[in-house]
1. Take the Cα atoms of segment 429-488, build their convex hull, and give its volume per residue in Å³.
2. Trp318 to Asn590: extension gain in nm, 0.36 nm per residue of separation minus the Cα-Cα distance?
3. To the nearest 0.05, what FRET efficiency results for Ile395 and Ile480 with a Förster distance of 30 Å applied to their C-beta separation?
4. Give me the dipole magnitude in Debye, nearest 20, for segment 1-132 about the Cα centre, with unit charges on the beta carbon: positive for Lys and Arg, negative for Asp and Glu.
5. Could you order the peptides 371-382, 542-553, 62-73 from most to least packed, using the average number of other C-beta atoms within 10 Å per residue?
6. Just to be sure I follow the rule: in segment 1-132, considering lysines 8 or more places apart or on different chains, how many pairs have Cα atoms under 16 Å apart?
7. So for each of 533-541, 503-511, 521-529 I average, over its residues, the number of other beta carbons within 10 Å; can you give me the resulting order with the highest mean first?
8. Along Cα→Cβ, 7 Å out, is where each label goes; now give me the distance between the ones at Leu89 and Val30 in nm to one decimal.
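Every read-out reported here was derived from the displayed coordinates using simple, explicitly stated rules and does not represent laboratory data. Source: prediction; values computed, not measured. Note that each Cβ is placed from the backbone with ideal geometry, even for glycine, and that neighbours are counted across all protein chains shown.
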Amino acid sequence: MKITYKNQRLEKAVISVNTFNSAVIIATFVMLLGFSEPLISVSILHAIQIFCLITMITEKFIRYLNCRSKHEFFRGYWHEIPLLILLVLSVIFIRKFSHAADPVLLMNRAVAVYLIIQVVDKLCRTSVSLAASATSPTLTLILSFLVLIVGGAGFLYLPNSHNCEKLSAVDALFTSTSAVCVTGLIVKDTGVDFSAMGQWVILILIQLGGLGIVIFGAVFSLLLGQAFTLKESVAMQDILNTGTVNKIGRMIAFIFVATIIIESVGVILLLDNWNFDTRTDINGHGALFYSLFHSVSAFCNAGFALYSDSFTGFKNNWQTYLVICPLIVTGGLGFGVLYNITEVLSNRWKLIKHRLFKGKTIIGSIQLRHLNLHSKVVLFSSLFLILLGTAGFMILERYNPQQTGLNYNGQNGQLFLDSFFQSVTTRTAGFNTIDNGAISQPSKMLTIILMCIGGSPGSTAGGMKTVTFMVVILAAAAVISRKNEPEIFHRSIQKDFISRAVMVLVLYIAILFIVTFGLAVTESGSGLDFNNLAFEAASALGTVGLSTGLTASLSTGGKLLLIAAMIIGRLGPMTLVASLAFKIKKSNYNYPSEPITIG
């Protein structure tokens, strides 16, 4: 929501002070939490925080006096008053009624919570405003990911974030990139080498990376009752790829509610899955944190696990298949598809109620809604790829003459479960119940193909996307059958979409070749198998996270190459092309055509 101020110079000065104030607040928390012994006295840091609190309150008062419309100001900052009242009441209660040994510490924590909410509020407002003010909202999205990656690496690099003797800057950057890009490739053991603080940082990075920091900012703004300006709505429409501007608010609200509900259900169903007697947690976490971490990681298709062997030790637990797999699939469908499914189900429920309680005919009262073409293609392609992958892994491992370590000895049930889980997780989830280094070479090739296809557009998954894969297949089938246009579900696919799909496919294959070639160069002296290097490249570019076990042993150049691949894979070739080509002018002429020979 845009608030008009009388003195623009004063407002710019307030913004500058706000920015500096937020940076100081973040720095104080880094010093307090990031080191075993703060670099500055704790009392001095708390005094700085109190000064920042006074500065924030003063800033609000100055803006109130400077705004043209008091009504606009209260609509934009209505939450500030209850927050401030809550802080004051907390301090009064602690001073008069608290029997704690150190009441000053409790008051400082109350102030800290208030400051954190304020900083998050400012970051969210800034992310949405930048997306609206930038020439290309896509460029803002890319920059937000890069800032989040660098910031996350900084937090992971702090001494209190890791348990290992020394965490290199490259390893911290790699871990942060893998979390933000929801990949799951690791160079350090998440459950062992990172402390409780480091694991919380990784969890937050996964959640922010899965939703996107701009979308998270929009969610936070809506929760505070902020209305988007027209520019902000258009920017969010571009980022969310939503058809109409009037759906932006509902779509963002749906993303928030759906994420909370799905991840919460995952947490509840996973609570009794963890066995701390035989698989001890060195950071003192309970079952609730383990359930939260793996539920978020599964829904965001991140693949981070707090166990060194992922879910290999839990292949006999029903939650591994009946909870983790649905979370992965749901997160990989995309919020647009989930929204469409919810609309259709809600429509069907209204029709049922209308028939039962009103007894009227459907026609003329409630319009019957159906799944749109995009949702149908996504659901069909996802189901097809899961079944194809399951059958493929079962056949390749059941009749593998080399028996490379996955000999099931007639255990067809376990073979089916492992094949099913592998088929689901290869399309960008990254968890595993088997050793990927022990599967046969044909199974590795099938895994690479599925990793390249990935999940669906608008989801937390990577890859070239299922819709791209289907459109290219349908276009090829149309050429073979001599049809003018590809067809699916009694609908034609326009040539523009075919051109975009082919461009994504070509770009994706080209980038995969470059990354694989680059790894072959950087790791030429290490003696690593080329097939395994190609596997790592496909996993990074597809933001999958599956590994044959050589990620941690890569050289610094190899790790940096995979970092670039993960960022490209998370943003997608189309996003990068759009950000680079938005200034290119369209030509107003065509050259004469001439036939050439194809094939």
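1. Numbers: hull volume 6.2 nm³, N = 60.
Enclosed volume per residue, from the Cα hull, is 103 Å³.
2. Extending this stretch completely gives an extra 91.8 nm.
3. 0.70
4. Working: 14 positive and 7 negative charges, 127 e Å.
Roughly 600 debye for segment 1-132.
5. Taking the mean over residues of other Cβ atoms within 10 Å, the ranking is 542-553, 371-382, 62-73.
6. Eligible lysine pairs with Cα atoms under 16 Å apart amount to 10.
7. With the highest mean Cβ count within 10 Å placed first, the list reads 533-541, 503-511, 521-529.
8. Label at Leu89, label at Val30, 3.6 nm between them.
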